[in-house]
Amino acid sequence: MTNLALVAVVAYLAGGIPTADWLAAAAGVDLRAGGSRNPGANNARRLGGWGLAAKVLAVEMAKGAAIVVAARSAAGDTAALVAGFAAVVGNLANPWRRLRGGQGLGISAGVTLAVWPVAFLPALALIGIAVRLLRRSAPATLITVAVYAAAAVGTQLVDGPTGWGVAPTAGLGWFGVFLAAALAPKQFRRLRSPT
């Protein structure tokens, strides 16, 4: 248990490293001063264009995946799940920015790619289709995280495939539920906004 607590703390701090802010600043953009004021790829696109958005997304995904892979290498599958969740929470409630973080979507994509790779493309397709149909990213994200959580629980129950990811029995269902619960509040708040 002590090892998992240490993994969680380190992953939380690493997940909060403000890489999006740094990349934007290097491009002369302040993500927290314009647009939605969110330090994420969508706001990077608004304020700095598609190139900056792609860099932010790639780095956030790489950060999430690296945290999971490092935790798994050091302490096993359950630690990888704990680290992935803690990294997302670090992005949402950033310890380096007075708990003011992003929406956690970019880092969640990287975490998913490392934890449960077979779910990555279906989740990406689902959110893309939902955005196209609903013309809003917040409800599309809420639908996607709900389906993700349900699929994670189902995969754990039947010990389904995860590709090169963690064993479902390590707690994939709980991970999916906790991840959805962590990501949902900011999306519910965004339902009241026009973006």
Inset, instruction - Working carefully through the options THR169, THR162, find the one that is polar (S, T, N, Q) and crowded, with 18+ Cβ neighbours inside 10 Å. - result: THR162
Legend entry - Test set (1) over 25 Å from LEU31 (Cβ atoms); (2) of a type in the set (A, V, I, L, M); (3) under 15 Å from the mean Cα position of the chain (by Cα); (4) surrounded by fewer than 17 Cβ atoms within 10 Å (Cβ to Cβ) - ALA119 fails condition number: (4)
Inset, instruction - For segment 12-31, state whether one or more residues are of a type outside the set (Gly, Ala, Ser), outside any helix (DSSP H, G or I) and touching a Pro at 6+ places or on another chain (Cβ under 6 Å). - result: yes
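A short reminder: the numbers here are calculations on the coordinates, not readings from a lab. Predicted, not measured: the structure shown is a model, and the values here were computed from it. Here Cβ is always computed from backbone atoms with ideal geometry, including for glycine, and neighbour counts include all displayed protein chains.
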